[in-house]
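The values are calculated or read from the model by the stated rules, or taken from the named source; none is laboratory data. Worth saying up front: this structure is predicted, and the values here are computed from it rather than measured. FYI the Cβ positions are ideal-geometry reconstructions off the backbone, even for glycines, and counts take in every protein chain you see. For the accessible areas, the whole protein counts, side chains as well, though only heavy atoms, and no ligand, DNA or RNA atoms are used. Shrake-Rupley method; radii C 1.70, N 1.55, O 1.52, S 1.80 Å.
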There are 2 protein chains.
Amino acid sequence: MKSVLLGCGTVGKGVLEIMDAHPEYGRIAKVLVRNLKKHGDDPRMTDDPEAVFGTENLELVIECMGGLEPAHTYVKRALEAGCHVVTSNKKMLAAYYEELQDLAEKNGCLIRYEACVGGGIPWIHELIRLQRIDEVTAFRGIINGTTNYILSGMTDNNTSFEEALSGAQEAGYAEADPTDDIDGYDARFKVALSAAAGFGVLPAAEEIPCYGIRHISAGDIVWAKEKGRTIKLIGSGKLYDDHVELSVLPVMLKNSSLLAGVASNLNGLSAVSTTLGTSFYIGQGAGRYPTAHAVVQDIIGIGEGERVTEHCYSMPVDNSALIGCWYVRTVHPEVFHDAAEIIDGETVVTREMPFHALQELLAQCNDPDLFLALIEA
Amino acid sequence: MKSVLLGCGTVGKGVLEIMDAHPEYGRIAKVLVRNLKKHGDDPRMTDDPEAVFGTENLELVIECMGGLEPAHTYVKRALEAGCHVVTSNKKMLAAYYEELQDLAEKNGCLIRYEACVGGGIPWIHELIRLQRIDEVTAFRGIINGTTNYILSGMTDNNTSFEEALSGAQEAGYAEADPTDDIDGYDARFKVALSAAAGFGVLPAAEEIPCYGIRHISAGDIVWAKEKGRTIKLIGSGKLYDDHVELSVLPVMLKNSSLLAGVASNLNGLSAVSTTLGTSFYIGQGAGRYPTAHAVVQDIIGIGEGERVTEHCYSMPVDNSALIGCWYVRTVHPEVFHDAAEIIDGETVVTREMPFHALQELLAQCNDPDLFLALIEA
């Protein structure tokens, strides 16, 4: 299969290396890069998109640019030209999923995105494979390696959030602007794509409630430890008859929970399905070669004609069955007076209550530095 | 695809149910059972193998009988007739792997065995899929649900081995004759099949050193707990240039190890491969529907023409690089005098030493009730 590669950064370079080592899966004919000087003398490198899209008999466009534009425009162009697309760009795909899948269907081509969720985990593949037999009814997991690295660092080394974030940035696990990771947006894109692959339901990412870890303190970690718990940022989804429950939330897991043991920058994801029950997958969430591996698996899958049925329906996101006790740290604990089991200084543990009732109290609180976590039952 | 099913016990009945619910994957035309009276009035049931093998246009034989014979003879007959085979019978397959794969190749058909290892884990599938890109260089895990259930019971409830075994038998997780499970033979079959699928190396099961948990005591569990460790029966494999390292051994895992958190009857398996790094899979190790799911995935895979390349080479099993400190409980601790770091009553912790040197001491010991475990470094 003749292909071109858009973007030759961390992931793209890995894809190029793996594909060059496996000519049996086809040849990358051109590589679109931003800065030609950075990429040696490989004659396939170009900074001219017209040269890339003008490749004769082009069948596949591999998009590893990241960001919304021009990635979105290029992917559209590829699909309109009847080319299959493999992308590692979860942000772009979550934003334009419906448009791009429609376009792919109309043009008889596929858009595959294994690398978008849990890079080193065959997650999207397994969600789709399960559905050959089962209905996938739920998923849950640590879906963002950066926050896992930060939280593991805070837990193991008793450091502050700021120190742990700096450490993650130095180690290359967090970007200079860490907003997408620490505010949970990256996890939200991945929850949306997991719902698409697992439930066949297409949520708008903005409809998924999303709380991050930007305001977590060393004290929150200590509180959790004393209770035999570990804090992780958890993305989860449940399929109901006429709606889906989807969220991204910090959760105080019991230490005996499998997810609590998924440390460092790893991702860990579980799926529940009709006959297989709960199956659980752990691996590298990112990194050049694991993510590139996922991209190349998609390329091979397209080449081998792997069946992928992806009929996505619209269904409302409704978290009314999301009920639990909540840990809240706020300068306005008094707001929780009637809803609290415990109020100790700035720390509140609520009685069991629905998420939407909690949200009303959070709005009353109006505390920009508030940290909240679901306490796993 | 027209198929017949051999055996309609726990797994077979699950396969029949799932296939009947999914006619798009073909129809099971006949079911061979031992006792017709047990199986209601389904006209497909028969106790006559000739009626089964006489099915017109038969393409696939699904073997869920268990045991060596007549399963082996029937599978051979199927392959000789040019039928694909899907089997859940690890004992039979590990014993006759080479013969049956050769026969399959000669007759242009496939023999698939996803259900044989980690029923509810897409383990064989992932080992094979990884090799589209990577070399699999190692695997390791909890590969036997019965012993995991027993060890978890002993650890959680401070019970003796005998009590925990009875509990496992009552709960349906151990058979009346538990030998294959508790002496590690079942794990050994699965290590052999994992080596075949992951390394393309075919070991004779008897060459794989295998120690079980028959002689574990409540005191061994207490010792491990005090050291912050959890005992699991671990199967593992490593690929070298000219040999493979394979073993089934009780291991004292650190509690922080992911495998230590894989409790109850679950299985947990990790693979190491070139670009994906370490990926980890946890799920039900057995049970009607998870195992039947695995069988049906193989059936679908054959129907869809999934590529499976299985070139198995013979390579010696050589554990000379398997080095560690060993926990040994024996009535003859004096044998370990020169090799021990600690001797405390009947409990010995050896200095770091190769497995083959340990084996010489074990032979000198000649203690039929000895328990040994590798202490994870």
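Quote the FRET efficiency, to the nearest 0.05, computed for residue A:102 versus residue A:48 with a Förster distance R0 of 25 Å and r equal to the Cβ-Cβ distance.
0.30
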### Message
Give me the residues in the range A:127-151 whose solvent-accessible area, probe 1.4 Å, is reduced by at least 50 Å² once all protein chains are included instead of the chain isolated.
### Response
A:129, A:132, A:133
### Task
May I ask which residue of chain A has the beta-carbon nearest to the axis carrying chain A onto chain B, and at what distance in whole Å?
A:261, 2
#### Entry: Per residue value of the accessible surface for the protein assembly as shown (all protein chains in place, 1.4 Å probe), Å²
40 Å²
### Task
Using the charge dipole of the range A:323-375 (Lys, Arg: +1 at Cβ; Asp, Glu: -1 at Cβ; taken about the Cα centre), state which of A:356, A:330, A:368 has its Cα farthest towards the positive end.
A:356
### Task
Would you mind working out the magnitude of the charge dipole of the range A:323-375 relative to its Cα centre, with +1 at each Lys and Arg C-beta and -1 at each Asp and Glu C-beta, to the nearest 20 Debye?
140 debye
### C-alpha long axis of helix B:145-157 to longest principal axis of chain B, angle in °
40 degrees
### Task
Tell me the trypsin sites (Lys or Arg not before Pro) within the range A:1-106 that lie in a loop according to DSSP and have at most 12 other beta-carbon atoms within 10 Å.
A:34
#### Entry: Net dipole in debye of the range B:194-253 [+1 Lys, Arg Cβ; -1 Asp, Glu Cβ; about Cα centre; nearest 20]
460 debye
### Message
As an exercise, find the ratio Rg/Rh for chain A from alpha-carbon atoms, using the Kirkwood inverse-distance average for Rh.
### Response
1.00
### Query
Any idea what Rg and Dmax come out to for the range A:148-218 if you just take the C-alpha atoms, in Å?
14.1, 41
### Query
GNM on chain A, C-alpha springs below 10 Å: top fluctuator among A:122, A:209, A:23?
A:23
### Message
Charges at C-beta only: +1 for Lys and Arg, -1 for Asp and Glu. How large is the resulting dipole of the range A:126-284 about its Cα centre, in Debye rounded to 20?
### Response
620 debye
### Accessible area buried between chains B and A, both sides summed, probe 1.4 Å, in Å² to nearest 100
3300 Å²
#### Entry: GluC sites (Glu not before Pro) lying in DSSP loop within the range B:1-98, provided at most 13 other Cβ fall within 10 Å
B:56
### Summary
In cubic angstrom per residue, the convex hull of the range B:288-335 built on its Cα atoms measures 209 Å³
### Task
Place +1 on the Cβ of every Lys and Arg and -1 on the Cβ of every Asp and Glu in the range A:73-229, take the dipole about the Cα centre, and give the residue among A:78, A:161, A:125 whose Cα lies farthest towards its positive end.
A:125
### Task
Pick out, from B:218, A:291, B:144, the residue whose Cα sits farthest towards the positive end of the charge dipole of the protein assembly as shown, with +1 on the Cβ of Lys and Arg and -1 on the Cβ of Asp and Glu.
A:291
### Task
Calculate the length of the line joining the C-alpha centroid of the range A:88-115 to that of the range B:275-352, in whole Å.
40 Å
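Which percent of the accessible area of the range A:126-284 is formed by carbon and sulfur heavy atoms (probe 1.4 angstrom)?
Reported share for carbon and sulfur atoms: 47 percent.
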### Summary
Sorted shortest first, the nm distances from the residue A:20 label point (7 Å along Cα→Cβ) to its counterparts in the other copies are 5.7
### Task
Mind listing the label-point distances from residue A:240 to the same position on all other copies, shortest first, one decimal in nm, points 7 Å along Cα→Cβ?
5.9
### Task
In whole Hz, with x marking every Gly and Pro, tabulate ³J(HN,Hα) for the range B:15-21 from phi via Karplus 6.51 cos²θ - 1.76 cosθ + 1.60, θ = phi - 60°.
4, 4, 4, 5, 5, 5, 7
### Query
Along Cα→Cβ at 7 Å, what distances in nm separate the residue B:314 label point from those on the other copies, shortest first?
6.5
## Note on the structure
The ³J(HN,Hα) series, computed from each phi in the range B:250-259 with the Karplus coefficients 6.51, -1.76 and 1.60 at θ = phi - 60°, rounded to the nearest Hz and given as x for glycine or proline, is x, 10, 8, 7, 5, 4, 7, 5, 4, 5
## Note on the structure
Contour minus Cα-Cα span, residue A:254 to residue A:318, at 0.36 nm per residue, comes to 20.5 nm
## Note on the structure
The ³J(HN,Hα) series, computed from each phi in the range A:207-222 with the Karplus coefficients 6.51, -1.76 and 1.60 at θ = phi - 60°, rounded to the nearest Hz and given as x for glycine or proline, is 7, 8, x, 8, 10, x, 10, 4, 9, 5, 10, 4, x, 4, 5, 4
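Let me know the Kirkwood hydrodynamic radius for the range A:323-375, please, with Cα pairs as the basis and the value in Å to one decimal.
Averaging 1/r across every pair of different Cα atoms and inverting gives 10.5 Å.
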### Message
Once neighbouring chains are kept in place and the probe is 1.4 Å, which whole percent of the accessible area of the range A:323-375 is contributed by carbon and sulfur?
### Response
50 percent
### Message
Taking all protein chains in place and a 1.4 Å probe, what share, in percent, of the accessible surface of the range B:1-98 do carbon and sulfur account for?
### Response
48 percent
## Note on the structure
Rounded to one decimal in Å, the inverse mean reciprocal Cα-Cα distance for the range B:2-112, i.e. its Kirkwood radius, is 13.9 Å
### Query
Going by a 1.4 Å probe on protein heavy atoms, which residues of the range A:263-278 end up with at least 50 Å² less accessible surface in the whole assembly than in their chain alone?
A:275, A:276
#### Entry: Cα-only radius of gyration and Dmax that characterise the protein assembly as shown, units Å
27.1, 79
### Query
Under 18 Å Cα-Cα from residue B:254, which aspartates and glutamates qualify once same-chain neighbours fewer than 8 residues away are excluded?
A:156, B:156, B:220, B:226, B:352, B:376
## Note on the structure
Count of lysine pairs, the range A:2-112, Cα-Cα under 23 Å, sep. 8 or more residues or interchain, comes to 18
